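The values are calculated or read from the model by the stated rules, or taken from the named source; none is laboratory data. It should be emphasised that the depicted structure is a prediction, and the values quoted were computed from it without experimental measurement. Every residue, glycine as well, gets a Cβ built from its backbone with ideal geometry; the counts of neighbours run over all protein chains shown.
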Amino acid sequence: MQNILVTGGAGFIGANFVRQALQALPECRIVNLDKLTYAGNLANLAGIAEDARYRFVQGDICDAELVSGLFVEEQVDTVIHFAAESHVDRSIDGPAEFVQTNVIGTFTLLEAARKAWEVDKSSPSPQPSSFRPCGSARGEGVLRQRFLHVSTDEVYGSLGETGLFTETTPYDPRSPYSASKASSDHLVSAYHHTYGLPVLVTNCSNNYGPYQFPEKLIPLIVNNALNGKSLPVYGDGKNVRDWLYVEDHCAAILEVLQKGQVGETYNIGGNNEKQNIEIVQTICDILDEKVGVLSSGEARRSLITFVKDRPGHDRRYAIDASKVKDELGWEPAVTFEEGIVKTVEWYLGNTEWVASVLDGSYREYYEKQYGA
Ligand code: NAD
Ligand code: TYD
């Protein structure tokens with residue numbers, strides 16, 4: 001049995017990952033450590049709470065005693081670290097929480113892993129002393145001790161009209177969010193180089209799909225457009241992001257976990273560059289088609305409102321994902337055209353979820369729907 005500690009598994013990507021991993025890794029047990037901030041929602045995990053291979057622990061990754069205790073109690077041999085403050089706009093309004101969770105929280109997890117896995121810093125080998133090669137004492141195909149740190153392409157800064165981020169692009173974070181993620185990436189890398197901790201780092205582009213908190217561009221626009229509210233587009237709307245369907249990201253993480261080289265970084269992207277305005281227009285058109293135009297008779301594009309730009313707004317992100325493709329064989333399976341329709345349909349079918357997470361009453365909602 002592989003004992004996986006997932007942090008932030010009640011958030012958007014973490015919840016999608018927990019669902020996928022329980023299916024993909026029948027031998028695994030998952031302990032999900034999540035503080036349940038505004039972004040964490042147990043309803044994201046409805047249906048799996050009863051799984052005997054799953055345990056939820058409400059707690060803070062900055063709580064060293066709790067985290068170290070879990071490593072021992074659960075005999076954790078794999079960490080998939082999602083927990084973070086993740087929204088750039090919030091990081092501009094209040095950076096302190098980002099430094100706390102993203103930097104101190106990651107440090108706390110690294111320390112717990114280093115101690116629990118008895119990494120031998122005097123070893124000349126870059127491997128920890130308790131490192132067990134795949135397929136050895138624990139059986140063929142069994143995963144090894146791994147600390148997989150989930151990060152973002154935003155650590156690389158902002159691109160001009162051309163070029164792509166590769167794994168060797170110098171770090172140049174420009175928002176408090178990306179700076180805190182960059183700090184955590186550096187700590188993870190340092191724990192590998194200094195102590196031989198068996199780490200992997202993934203830097204992924206913008207995700208979209210089910211269970212994304214409706215403050216991020218795509219779910220915010222879907223929700224506002226559905227309700228006839230204005231659709232805020234920052235600046236000229238021509239900022240570019242590379243969009244990846246969340247289930248493809250989770251599949252990539254599983255590939256990196258099982259086949260990635262310890263100490264390596266893997267960029268993950270959708271090869272799907274879109275200007276923000278294109279995304280907003282596409283969502284408007286899908287909704288007009290699926291639920292009809294506004295009661296005023298106008299198309300939803302009429303709700304688009306250009307607003308003051310985000311301070312320090314990065315212009316363009318784009319990923320070169322050839323390493324993960326060439327070395328591990330991963331490629332996205334869902335095109336943007338398919339993924340955006342699936343996403344809009346999911347939000348249309350889950351309006352109660354959206355309302356509950358937005359008004360902060362999601363715990364009540366969860367208890368009503370699924371029991372305490
Ligand atoms: P999210 O905001 O939806 O979820 C974050 C989760 O972490 C929540 O469940 C929250 O309760 C939990 N959490 C926050 N602080 C915590 C703490 N101190 N202790 C324990 N749990 C805590 O985030 P997401 O979009 O799912 O992103 C997950 C990870 O993936 C983050 O590390 C993010 O940087 C990274 N990432 C996200 C994207 C994206 O497009 N969303 C892209 C690339 C990388
Ligand atoms: P977001 O979903 O916040 O992700 P990130 O900032 O991490 O890329 O924003 C995606 C893009 O959409 C980004 O360029 C900012 C822009 N944006 C808007 O134009 N309006 C909005 O209301 C939001 C939330 C974002």
For segment 23-38, check the following and say yes or no: at least one residue is more than 7 Å from ligand 1 (Cβ to nearest atom), among the hydrophobic types (A, V, I, L, M, F, W, C), closer than 20 Å to Ala116 by Cα and buried (at least 24 other Cβ atoms within 10 Å of the Cβ).
yes
Kindly evaluate Ala49 against the criterion of being in contact (Cβ under 8 Å) with a residue 60 or more places away in the chain, small (Gly, Ala, Ser) and not in a helix (DSSP H, G or I).
yes
Tell me yes or no: at least one residue of segment 153-164 is modelled with pLDDT of 50 or more, within 19 Å of the chain's Cα centre (by Cα) and not in a helix (DSSP H, G or I).
yes
Tell me which residues, restricted to segment 297-334, are polar (S, T, N, Q), more than 16 Å from ligand 2 (Cβ to nearest atom) and either in contact with a strand residue (DSSP E or B) (Cβ under 8 Å, 6 or more places away or on another chain) or farther than 27 Å from Gly235 by Cβ (or both).
Ser322
Where Ala182 falls short, out of the listed (1) closer than 21 Å to Thr108 by Cβ; (2) assigned to a strand (DSSP E or B):
(2)
Just one of the numbered conditions (1) more than 14 Å from ligand 1 (Cβ to nearest atom); (2) more than 14 Å from the chain's Cα centre (by Cα) is not true of Ala251; which one?
(2)
Please count how many residues of segment 329-348 are assigned to a loop (DSSP other than H, G, I, E, B) and among the aliphatic types (A, V, I, L, M).
2
When you go through Thr101, Thr108 one by one, which is the residue that is in a helix (DSSP H, G or I) and buried (at least 24 other Cβ atoms within 10 Å of the Cβ)?
Thr101
Which one of Trp330, Trp353, Trp346 is within 16 Å of ligand 1 (Cβ to nearest atom), buried (at least 18 other Cβ atoms within 10 Å of the Cβ) and over 27 Å from Tyr156 (Cα atoms)?
Trp353
On the basis of being within 17 Å of the chain's Cα centre (by Cα), away from ligand 2 (no atom under 16 Å from the Cβ) and modelled with pLDDT of 95 or more, does Val57 make the cut?
no
Using the structure shown, decide if Arg29 is farther than 27 Å from Thr351 by Cα, free of Cβ contacts under 8 Å to residues at least 60 places away in the same chain and touching a Cys at 6+ places or on another chain (Cβ under 7 Å).
no
Qualifying positions in segment 181-238 - out of contact with any helix residue (DSSP H, G or I) (no Cβ under 8 Å at 6 or more places or on another chain) and either away from ligand 2 (no atom under 16 Å from the Cβ) or among the aromatic types (Phe, Trp, Tyr) (or both)
His186, Ser189, Ala190, His192, His193, Thr194, Gly196
For residues that are in contact with a His (Cβ under 7 Å, 6 or more places away or on another chain) and assigned to a loop (DSSP other than H, G, I, E, B), scanning just segment 217-256, find the one that is surrounded by the fewest Cβ atoms within 10 Å (Cβ to Cβ).
Gly235
Among the residues of segment 254-275, is any within 14 Å of ligand 2 (Cβ to nearest atom), touching a Gly at 6+ places or on another chain (Cβ under 6 Å) and either aromatic (Phe, Trp, Tyr) or within 23 Å of Glu345 (Cβ to Cβ) (or both)?
no
Mind listing whichever residues of segment 299-322 are outside any loop (DSSP other than H, G, I, E, B) and touching a Leu at 6+ places or on another chain (Cβ under 8 Å)?
Arg300, Ser302, Leu303, Ile304, Thr305, Arg316, Ile319
Please state which of the following conditions Ile283 fails to meet, knowing it meets all the rest: (1) more than 16 Å from ligand 1 (Cβ to nearest atom); (2) hydrophobic (A, V, I, L, M, F, W, C); (3) under 24 Å from Leu164 (Cα atoms).
(3)
Please tell me if Glu289 is within 30 Å of Glu167 (Cβ to Cβ), among the acidic types (Asp, Glu) and free of Cβ contacts under 8 Å to residues at least 24 places away in the same chain.
no
Can you pull out every residue in segment 175-196 that is away from ligand 1 (no atom under 15 Å from the Cβ) and either surrounded by 20 or more Cβ atoms within 10 Å (Cβ to Cβ) or of a type outside the set (A, V, I, L, M, F, W, C) (or both)?
Ser189, Tyr191, His192, His193, Thr194, Tyr195, Gly196
